[in-house]
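Reading through the structure tokens given below for one structure.
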Amino acid sequence: MGDGLISIVIKWQGKEYELDGLEGSTSVEDVKKQLQDKTSVRCENQKLIGLKHKKAGTAVVDATVLSDLNLKKNAKIMMMGTVDEEIEKANQRPEDLPDVVDDFDIPTMDEMPTEQREEFLAKIERRVKEYKVEVFNPPEENKKLLVLDIDYTLFDHRSVAENGHELMRPYLHEFLEAAYQNYNIVIWSATGMKWITAKMEELGVKNNPNYKIVAFLDSLAMITVETKKYGLIETKPLGVIWGKYPHLFSEKNSLLIDDLKRNFLMSPKNGLKIRPFAKAHRNKDTDKELLNLIPFLQFLSMQEDFTKIDFDKWESYCSI
Ligand code: MG
């Protein structure tokens, strides 16, 4: 290794990848490109943990160059990310679908031909029978059901950061603690279980002393439905949970919060579309979406039948 050249070790899924001969002018993005070649994890799906800027308080972004980083000798950088094939296997949704799609035009259940609906309901039945849920804390009978998406709902999964906490949506723990008073909390992400577990552990959501999580659900609990406009899309049918706990949960007492409306397709009366939390570094000081949802959740927990509530107008029911 020549003078002034930098070598770093990246750890990913138990393996170490050494990148050496890097110039000080090499950017984080260049490092990601090299890692993409070595690991097949696409740059945009990589998250490098433990990168610190020399200037305290300055965020590390893709354009940051290595000479501006506080790299200790032989320091290992942890990478989080999933290989495309796995993502595709897990998601099975068209990659060309934009991440945050203006999906107001997605048809409702009533607009689908009956035979298609039956086919989709049969898929839900199969998930009820075959999808194994690991229950961390058994659901409590006197509480309603709150199902939460992760990416862009609780966490900005696209920005670069030194650690996951920087990408956490503000007031996440306050929100979960308040919700736990009246709701059984389930986390449901369209990614794989390994990734969900890693994120929830990093953010301190799993095993939090102030609230309990019932379970995590991943992409395998989702179903694919066919729509005229978008073709095949993946959706999160609450019917999977209702089928598993028929005596506890139904459309009358369940709420799914997600930044993508298409996830409500099979349970349209139970979805609340949240504003996406992206560009964490710019928005973390101003985003109050989770904080503002707390009084609404309290109000909702007193309702006998959630289907009578218009979730598009959640902000008008109560405000702080
Ligand atoms: Mg999301």
Search segment 107-122 for residues being open to solvent by less than 40 Å² (accessible area, probe 1.4 Å) and in a helix (DSSP H, G or I), and hand back the single one that is modelled with the lowest pLDDT. Met109
Can you tell me which residue within segment 277-291, out of those that are in a loop (DSSP other than H, G, I, E, B) and open to solvent by 60 Å² or more (accessible area, probe 1.4 Å), is farthest from the ligand (Cβ to nearest atom)? Asp285
Against the condition at pLDDT 95 or above, open to solvent by 10 Å² or more (accessible area, probe 1.4 Å), away from the ligand (no atom under 16 Å from the Cβ) and assigned to a loop (DSSP other than H, G, I, E, B), how does His173 come out, does it pass? no
Within segment 1-72, strands (runs of 3 or more DSSP E) holding 1 or more residues that are touching an Asp or Glu at 6+ places or on another chain (Cβ under 6 Å) and open to solvent by less than 80 Å² (accessible area, probe 1.4 Å): 6-12
Applying the selection to segment 146-165, what residues are out of contact with any Asp or Glu (no Cβ under 9 Å at 6 or more places or on another chain) and more than 14 Å from the ligand (Cβ to nearest atom)? Leu146, Ala161, Glu162
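The values are calculated or read from the model by the stated rules, or taken from the named source; none is laboratory data. Just so it is clear, the model here is predicted, and its values are computed rather than measured. Note that each Cβ is placed from the backbone with ideal geometry, even for glycine, and that neighbours are counted across all protein chains shown. With ligands, DNA and RNA removed, areas are computed over all heavy atoms of the protein, side chains included. Shrake-Rupley method; radii C 1.70, N 1.55, O 1.52, S 1.80 Å.
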